[in-house]
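Taking it in order: structure first as structure tokens, then the write-up.
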Amino acid sequence: MATLRFGQHLVKASAVFLQTELSFALVNRKPVVPGHVLVCPLRPVERFRDLRPDEVSDLFSTTQRIASLVEEHFNASSLTIAIQDGPEAGQTVKHVHVHVLPRKDGDFQRNDSVYDELQKHDREEEDGPSRWRSEEEMAAEASALRKQLETQQTN
């Protein structure tokens, strides 16, 4: 796998830390909190309603697995799991994806501010490569998560 399509973007394999038959998980180039990752169906589908039942099943079982992984890896005590389905819901990439955000006590002054940050994190006027994490930083995080998944599978 050299690249995967994520809506209008191509994602390098180095940013992907899990691929199943129908889904993949990748690190976020501009995370809202440390450990904010995305889980997506392999097939580029714009809206949740357009997923096939087998894709929904795989997407959510993969999300559950990834949620457990990032909660442990980032020493979180809780998770925010969200889908922005359509432009009015804040979806900016035209490809269904689940946001998985590890949460810690006090990470936002007002707990629900996480949704405000999700809403605006890709719409900011200055959003561009200068605000994104480097490919090296993303690859390092994906590699660490990949290794932790491998460790979990052997235990």
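Radius of gyration (Cα atoms) of the range 1-56, expressed as a multiple of 2.2 N^0.38 Å: 1.13. Taking a sphere under 11 Å around the Cβ of residue 102 and counting the other residues whose Cβ falls inside, with K and R at +1 and D and E at -1, yields a net charge of -1. When GluC sites (Glu not before Pro) are flagged only if DSSP places them in a loop and at most 11 other Cβ atoms lie within 10 Å, the longest unflagged stretch of the chain comes out as 22-123. In this structure the amide hydrogen of residue 17, modeled in the peptide plane, comes within under 5 Å of the amide hydrogens of 25, 26, 27, none closer than 5 places in sequence on its chain. Taking all protein chains into account, the per residue accessible area for the chain stands at 54 Å² (1.4 Å probe). Using a cutoff of 8 angstrom between alpha carbon atoms and counting only pairs six or more residues apart, the relative contact order for the chain works out to 28 percent.
How much net charge surrounds residue 143 when only other residues with a Cβ under 13 Å from its Cβ are counted (Lys, Arg +1; Asp, Glu -1)?
-2
Our note on the geometry: Cα centres of the range 89-114 and the range 52-84, 13 Å apart. Under 20 Å of direct C-alpha separation, and excluding same-chain neighbours fewer than eight residues apart, residue 147 reaches these lysines: 12.
The values are calculated or read from the model by the stated rules, or taken from the named source; none is laboratory data. It should be emphasised that the depicted structure is a prediction, and the values quoted were computed from it without experimental measurement. Positions of Cβ are backbone-derived with ideal geometry, glycine not excepted, and every protein chain shown enters the neighbour counts. Protein only, heavy atoms only, side chains kept; ligands, DNA and RNA dropped before computing areas. Shrake-Rupley method; radii C 1.70, N 1.55, O 1.52, S 1.80 Å.
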